[in-house]
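> Sharing a structure here in structure tokens format.
Read-outs: derived from the displayed coordinates by stated rules, not from any lab. Keep in mind that this is a model prediction, so the values were computed, not measured. All Cβ positions, glycine included, derive from the backbone under ideal geometry; neighbour counts span all protein chains shown.
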Amino acid sequence: MPETTSTRANPMIDPTMHVWHAEVALYLFLGGLVAGVMVLVAARRLLRPGIPTSRALALVPWSVPVLLTLGMLFLWLDLENRWNALRFYLIFRIATPMSWGAWILLLVYPVSLLFAWGETPEELRARWTRFLGRRLAARLDAWASAGQRPLAVAQLGLGILLGVYTGILLGTFAARPLWNSAALGPLFLVSGLSTGAAFMLLQGLWPREREQLSRLDMGLVGLEIVILGLWFAALASGSAHSQAAARLFFGGAYTAAFWTLVVALGLATPLWAGWLERRHGAIPGRAAAVLVLVGGLALRWIVVDAGQTTAQVLQLGMR
Amino acid sequence: MSRRWAMVVDTRTCVGCSACVIGCKTENDVPEGHTRDWITTETRGSFPELRMTIRSERCNQCADAPCVRACPTGSSHYGPGGIVLVNSDKCSGCKACIVACPYGARFVDPRTGTVDKCTLCVHRLENGIPTTSCQEVCPTASIVVGDVGDPASEVSRLLATREYETLQPELGTEPRLYYLK
């Protein structure tokens, strides 16, 4: 093994590169959660229109623009030169995932706001008309009655794009072996759907809605475990750099954090809780949902952090 | 054929004195605590049979640069002669390019919040001065810059007559920083 030294803190030699911090992890978590909520509420509208819903479920779509704004705030805080944030919207770069993400985020706003208005119960809409003005409210109502189905389709498509994008953003960095995997897109999409469902389970839903959503979330958690397994299989059977990246979670620096926070708390315990609830015919509670959210955030945080310590330089340079 | 700037570093003559690092900092007003180029030494073998390689490293001026592809604002771009440059007026400091660069060549300038890196002294090369500042101060003349598209240039001659390597060619970045063996 060569001994390599440098006159600077070179991230290739001393793995100290750490330019993306908690802000990016929080943004990816909120982006995924928002994507999950978008897909789930749009799918419900498309597959089960006309079925009465609890007020909480009808109001959940409003969380999309609110949580997305919070996520974008974190993203903005991560920028080193925040005055130039608008530069994202002066250009579209087709081969740049971050450019896609910026524009997807912008498209989510009008679609999610209009969709949320259409889902809002009539008596609440009537009350809000006072603040919006009659003309605007009437126009929104016309949209809602005529365009709620196409809006749901748009919301579904944008939700999937947003969820996949959060994984692809990291997956396209060939310089970082841990991230450089096609599994990261589906992993973050499924994790986003799962955290979205968990977020919805924290609202005051009717028991029937809770049962359906909880069952769906258990399925998503199971799928997430499968994709995690595929990701590790790909890393372990890849190049020496990929294998070194995988070792971060198998005896390396991130082993304890990953297996306790993501796998044990965020995936296994909610699965077990779901199984127990179903076995005893209980109405799903909120604890499992909270754990799914903790696991989803931990997954983003650990993957963002760990990925930056990996590089394609086990043996640098001359061979 | 259009000009393609490239750099050749002779690892047989480089002594790792860091004059290139200081020369660059002086020429380009590089902020304290950061460098656009640096010295890497690699020692192989077991004592007393050791072999050491010294390299003056910097941005590899990739022809297919992952930093340019990762930049969402178009700030990272190919400048004259294929030199990879950062337009700080457009840079948001999102750091995607830093993460994307496999050579660790980029950093955030704490004074501006924008990303900085080696420019191959484009202000000199494109204004009639045929050398970079690191090349100018190198006491062993280990650094040569020139047009790799011109077969008569010194860099083309060296690449034609000497064995060389690039760093991490397997990533497909097509570096234009060549190390003579």
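> Can you classify chain A as rounded, prolate or oblate using the Cα gyration tensor, where a ≥ b ≥ c are the square roots of its eigenvalues, rounded means a/c under 1.5, and otherwise it's prolate if a/b beats b/c and oblate if not?
Note, shape of chain A comes out oblate.
> Peptide A:173-185: average number of partner chain Cβ atoms within 10 Å per residue? Before the final figure, lay out the partial values.
Values: counts 8, 9, 13, 3, 0, 0, 1, 1, 0, 0, 0, 0, 0.
Mean number of neighbouring Cβ atoms from other chains: 3.
> Can you tally the net charge around A:LEU40? Count Lys and Arg as +1, Asp and Glu as -1, for every other residue whose Cβ sits under 14 Å from the Cβ of A:LEU40. Numbers along the way, then the final one.
Numbers: positive: A:ARG44, A:ARG45, A:ARG48, A:ARG210, A:ARG215; negative: A:GLU119, A:GLU209, A:ASP217.
Once all neighbours under 14 Å are counted, the net charge is +2.
> Can you give the calculated 222 nm mean residue ellipticity of chain A, where each DSSP H run of n ≥ 4 adds -39,500 (n - 2.57) and the sum is split over every residue, rounded to the nearest 500 deg cm²/dmol?
Mean residue ellipticity, 222 nm, calculated: -22000 deg cm²/dmol.
> Follow-up question, since we're still on this one. Helix A:269-279 against the longest principal axis of chain A: what's the angle in degrees, Cα atoms only, rounded to the nearest 10?
40 degrees
> What trypsin sites (Lys or Arg not before Pro) does the stretch B:9-68 have in DSSP loop regions with at most 13 other beta carbons within 10 Å? Mind dumping the intermediate values first?
Values: sites: B:ARG12, B:LYS25, B:ARG36, B:ARG44, B:ARG51, B:ARG55, B:ARG58; in loops: B:ARG12, B:ARG36, B:ARG58.
Here the trypsin sites (Lys or Arg not before Pro) that fit, given the DSSP loop and packing criteria, are B:ARG12.
> Let me ask you something else. What lysines could a cross-link reach from B:LYS90, if we take a straight Cα to Cα line under 20 Å and drop same-chain neighbours fewer than 8 places away?
Output for B:LYS90: B:LYS117.
> With springs connecting C-alpha atoms under 10 Å apart, model chain A as a Gaussian network and identify which of A:PRO121, A:PRO177, A:PRO65 has the largest mean-square fluctuation.
In the Gaussian network model the winner is A:PRO121.
> Less than 11 Å Cβ to Cβ from A:ASN84, Lys/Arg counted +1 and Asp/Glu -1: what total charge do the surrounding residues give?
+1
> Have a look at A:ALA257, A:ALA146, A:ALA25 and tell me which one the Gaussian network model of chain A (Cα, springs below 10 Å) gives the largest fluctuation.
In this elastic network of chain A, the residue with the biggest mean-square fluctuation among A:ALA257, A:ALA146, A:ALA25 is A:ALA146.
> Mind listing which GluC sites (Glu not before Pro) in the stretch B:1-108 are in a DSSP loop and have 11 or fewer other Cβ atoms within 10 Å?
Answer by residue number: B:GLU32.
> Let me ask something additional. In the stretch B:101-172, which GluC sites (Glu not before Pro) are in a loop and have at most 13 other Cβ atoms within 10 Å, using DSSP for the loop call?
B:GLU163
> Still on this structure: Taking springs between alpha-carbon atoms closer than 10 angstrom, which of B:ASP37, B:ASP89, B:ASP116 fluctuates most in the Gaussian network model of chain B?
B:ASP89
> Taking B:LYS181 as the anchor, which aspartates and glutamates have their alpha carbon closer than 20 Å to its alpha carbon, excluding any fewer than eight residues away along the same chain?
Within the straight-line limit of under 20 Å, B:LYS181 reaches these aspartates and glutamates: A:GLU3, B:ASP10, B:ASP37, B:GLU42, B:GLU49, B:GLU57, B:GLU154, B:GLU163, B:GLU165, B:GLU170.
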